[in-house]
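First comes the structure, then the notes that go with it.
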Number of protein chains: 2
Amino acid sequence: MKIIVDAMGGDNAPMAPVEAAVRAVKELDVEIVLVGKKEVVEKELSAYDYPNDKISIANADEVITNHEEPAKAVRSKKNASVVVAANMLKKGEGDAMLSMGNTGALLASGLLIVGRIKGILRPALATLLPSAKGPKMLIDAGANTNCKPENLVQFGIMGSIYMKNVLGIESPTVGLMSNGEEEGKGDELTKETFPLLKKAPINFIGNIEGRDVMEGTADVITCDGFVGNVILKTVEGMGHVVSTKVKNIFMKNLFTKLGAIFVMGGLNEFKQSMDYREYGGAPLLGTKRPVIKGHGSSDGKAVFSAIRQAKKFVETNLIEEIVNNINCMEEKSND
Amino acid sequence: MKIIVDAMGGDNAPMAPVEAAVRAVKELDVEIVLVGKKEVVEKELSAYDYPNDKISIANADEVITNHEEPAKAVRSKKNASVVVAANMLKKGEGDAMLSMGNTGALLASGLLIVGRIKGILRPALATLLPSAKGPKMLIDAGANTNCKPENLVQFGIMGSIYMKNVLGIESPTVGLMSNGEEEGKGDELTKETFPLLKKAPINFIGNIEGRDVMEGTADVITCDGFVGNVILKTVEGMGHVVSTKVKNIFMKNLFTKLGAIFVMGGLNEFKQSMDYREYGGAPLLGTKRPVIKGHGSSDGKAVFSAIRQAKKFVETNLIEEIVNNINCMEEKSND
């Protein structure tokens with residue numbers, strides 16, 4: 001299996017992607033193609049010992065930064081690392097692709113170059129969030145700002161297949177994010193979505209609320225990309241503020257540092273269970289081949305997790321199963 | 001000043017409202033009218049010593065529970081405590097009202113009985129949320145599921161006046177909740193709202209994201225009630241999960257309990273800064289007279305905070321200022 005990794009994307013590129021690639025070829029039984037400026041990637045790689053036949057470099061002279069308009073950049077920068085990677089994936093020169101760079105550019109590359117699965121109206125970004133009951137999926141986490149009921153139904157089905165295949169959950173529960181639990185609650189979008197989800201071939205448990213995100217009430221949370229983005233960033237921001245505050249409390253003086261020693265183990269365990277780096281990246285579900293978004297601030301460990309996740313994505317025939325399940329969906333593609 | 005308190009609403013009624021009423025008449029220089037089943041409230045009150053002329057009881061035989069359809073219940077149950085309270089407020093038999101009961105019923109009572117300020121299209125529920133930079137206002141936190149751009153502009157203006165008058169912030173910053181910071185980001189609603197907020201008589205700082213909620217980037221966060229409800233409950237749920245986990249870590253064994261002793265002060269201080277009970281209730285902004293929603297799980301301390309807040313709401317002539325500011329608004333009421 002060959003994973004295509006955008007070596008230029010993310011805050012810690014090319015260090016983190018290169019470090020992760022080296023670890024991956026040693027531990028995961030995969031080959032890696034690093035896509036980026038050849039001399040830059042070569043130089044970074046030269047610091048490591050690794051099986052040379054397992055890592056190759058595909059040159060890409062340009063980079064799409066976080067400040068560029070994604071779709072426009074993908075169309076105009078034919079030599080951008082993410083564009084080169086997507087074209088390789090499309091041609092079958094790799095089994096999955098991963099980028100830590102500009103989210104919009106990766107989404108546009110997935111949509112415009114890799115392409116949608118026939119019948120899928122909109123691919124969606126699916127993020128694993130920590131909860132009191134383990135990782136849960138938020139879909140769509142930001143790919144589609146304006147959605148129709150049929151989109152949310154497909155998100156629920158794709159998320160359900162992902163949680164079953166990749167996380168091994170037998171019959172994943174799917175909740176519809178709303179502003180109240182009762183069936184009548186919601187905005188126009190969720191009210192129209194509710195009866196469609198009821199008929200979908202999934203374990204639909206009805207409306208859920210914001211508090212259910214961290215409680216882990218549903219294995220899959222389906223919502224439009226605007227609401228999903230707000231939830232994801234609210235949780236990330238709160239995690240950041242709380243962990244900074246707690247750290248400051250423990251670092252205050254000698255006594256508090258002493259106190260820290262006694263609870264360090266438990267706190268670290270908790271911190272780890274809340275650490276996005278353990279969960280790998282966010283798959284873009286609904287494209288013809290596996291596309292995965294790594295967190296922009298990923299370090300080597302996080303990129304490695306995302307590569308491991310990409311491998312599992314391929315191994316578990318996720319896309320085949322999504323294709324098969326589309327036939328069960330009532331709402332067909334408009335194209 | 002006389003505050004009308006729904007003695008039957010909330011998880012801890014009538015104990016919490018009665019306890020808070022007794023404390024309020026002693027400490028806050030206010031009079032309280034407790035609205036509820038006379039014999040129940042009288043019995044609860046009989047356990048306390050207090051200046052008898054400062055607390056009165058208004059009988060209301062019915063209660064609207066959390067499971068009832070709000071608008072319908074408000075129309076049909078003329079003797080429900082929240083309906084009686086709203087009618088008293090309308091007639092001027094008190095200066096503000098407070099309820100910890102069914103949120104929808106309070107909103108409906110505010111809208112249908114107390115009435116909107118002329119020119120305000122939709123009153124909004126305004127909640128104070130803890131942040132790294134102190135309490136910030138989320139408006140609308142759940143009163144209006146489907147909003148128009150003009151609603152969000154009015155929410156921003158009303159929130160701004162509240163933060164200035166009640167919290168004493170000179171020129172409160174107002175942020176528009178979106179899925180990206182750039183001006184072009186957002187769904188249809190926020191994209192149309194952005195230029196209107198730019199022209200509004202407020203300190204508008206542009207789009208903000210979910211992570212800005214806890215970072216405290218803006219003093220006022222304006223959004224529709226669906227998104228606001230999701231944010232509010234996500235934050236509440238996460239706070240609950242994190243504090244439970246941290247508590248378990250400290251209670252694990254003798255050593256961890258020993259560790260807790262050293263950091264207890266700091267942790268309690270932090271917990272207090274994140275405690276909704278310190279912030280009182282959520283004002284419904286845009287009604288002709290002050291209506292305040294207390295948290296359903298409020299204890300006596302939280303109800304007391306909400307009464308103190310109601311007093312400040314009245315003292316600072318908030319409603320007068322909202323009325324005056326409506327003249328500055330370009331978008332007028334449709335009625």
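The values are calculated or read from the model by the stated rules, or taken from the named source; none is laboratory data. Everything numeric here is computed off the predicted structure, so don't read it as measured data. Cβ atoms come from the backbone with ideal geometry, glycine included; neighbour counts cover every protein chain shown. Calculation scope for accessible area: heavy atoms of the full protein, side chains included, ligands and nucleic acids excluded. Shrake-Rupley method; radii C 1.70, N 1.55, O 1.52, S 1.80 Å.
Where in the range B:210-279 are there helices (runs of 4 or more DSSP H), lying wholly inside it, with at least 3 residues that are closer than 23 Å to A:Gly210 by Cβ and among the small types (Gly, Ala, Ser)?
In the range B:210-279, B:225-250 are the helices (runs of 4 or more DSSP H) which contain 3 or more residues that are closer than 23 Å to A:Gly210 by Cβ and among the small types (Gly, Ala, Ser).
Just checking, which of A:Ser297, A:Ser243 is modelled with pLDDT of 85 or more and within 14 Å of another protein chain (Cβ to nearest Cβ)?
Among A:Ser297, A:Ser243, only A:Ser297 is modelled with pLDDT of 85 or more and within 14 Å of another protein chain (Cβ to nearest Cβ).
How many of the residues in the range A:75-94 are in a helix (DSSP H, G or I) and not β-branched (Val, Ile, Thr)?
9
Return yes or no: is A:Ile231 within 15 Å of the chain's Cα centre (by Cα), within 30 Å of B:Gln272 (Cβ to Cβ), in contact (Cβ under 8 Å) with a residue 12 or more places away in the chain and open to solvent by less than 30 Å² (accessible area, probe 1.4 Å)?
Here the answer is yes, as A:Ile231 does meet what is asked.
Looking only at the range A:271-294, how many residues end up being within 13 Å of chain B (Cβ to nearest Cβ) and surrounded by fewer than 18 Cβ atoms within 10 Å (Cβ to Cβ)?
3
Within the range B:175-202, restricting attention to residues that are within 14 Å of another protein chain (Cβ to nearest Cβ) and open to solvent by 40 Å² or more (accessible area, probe 1.4 Å), which residue is nearest to A:Asn146 (Cα to Cα)?
Ranking the qualifying residues of the range B:175-202, first place goes to B:Glu188.
Whether any residue in the range A:210-223 is closer than 24 Å to A:Glu321 by Cα, in contact with a Phe, Trp or Tyr (Cβ under 7 Å, 6 or more places away or on another chain) and of a type outside the set (Ser, Thr, Tyr) is what I want to check.
Within the range A:210-223 (the criterion being closer than 24 Å to A:Glu321 by Cα, in contact with a Phe, Trp or Tyr (Cβ under 7 Å, 6 or more places away or on another chain) and of a type outside the set (Ser, Thr, Tyr)), the answer is no, since none of the residues qualifies.
Within the range B:57-81, which residues are under 16 Å from B:Val5 (Cα atoms) and touching a Gly at 6+ places or on another chain (Cβ under 6 Å)?
B:Ala60, B:Ser81
Can you list residue pairs whose Cβ atoms sit under 7 Å apart, with the first residue in the range A:241-270 being under 30 Å from B:Thr217 (Cα atoms) and the second being hydroxyl-bearing (Ser, Thr, Tyr) and open to solvent by less than 90 Å² (accessible area, probe 1.4 Å)? Count only pairs 6 or more apart in sequence or on different chains.
A:Ile249/A:Thr256; A:Phe250/A:Thr256
Scan B:Gly237, B:Gly206, B:Gly210, B:Gly228 and give me the residue that is more than 7 Å from every other protein chain (Cβ to nearest Cβ), under 28 Å from B:Gly296 (Cβ atoms) and either touching a helix residue (DSSP H, G or I) at 6+ places or on another chain (Cβ under 7 Å) or at pLDDT 95 or above (or both).
The conditions single out B:Gly228.
Give me the pairs, please: first residue somewhere in the range A:193-214 and within 20 Å of A:Tyr162 (Cα to Cα), second residue anywhere and of a type in the set (Phe, Trp, Tyr) and open to solvent by 20 Å² or more (accessible area, probe 1.4 Å), beta-carbon distance under 8 Å, and either six or more positions apart or on two chains.
A:Leu197/A:Phe204; A:Lys198/A:Phe204
With the condition kept exactly as written, say whether any residue in the range A:96-115 is part of a strand (DSSP E or B), open to solvent by 30 Å² or more (accessible area, probe 1.4 Å) and of a type outside the set (Gly, Ala, Ser).
no
Considering only the range A:247-259, how many residues are at the interface with another protein chain (Cβ under 7 Å from one of its Cβ atoms) and either under 26 Å from A:Asn203 (Cβ atoms) or among the aliphatic types (A, V, I, L, M) (or both)?
Selection size over the range A:247-259: 2.
What number goes with the only condition from (1) crowded, with 24+ Cβ neighbours inside 10 Å; (2) closer than 20 Å to B:Ile4 by Cα that B:Lys136 does not pass?
(2)
In the set B:Lys72, B:Lys118, which member is farther than 30 Å from B:Met238 by Cα and not in a loop (DSSP other than H, G, I, E, B)?
When all the criteria are applied, what remains is B:Lys72.
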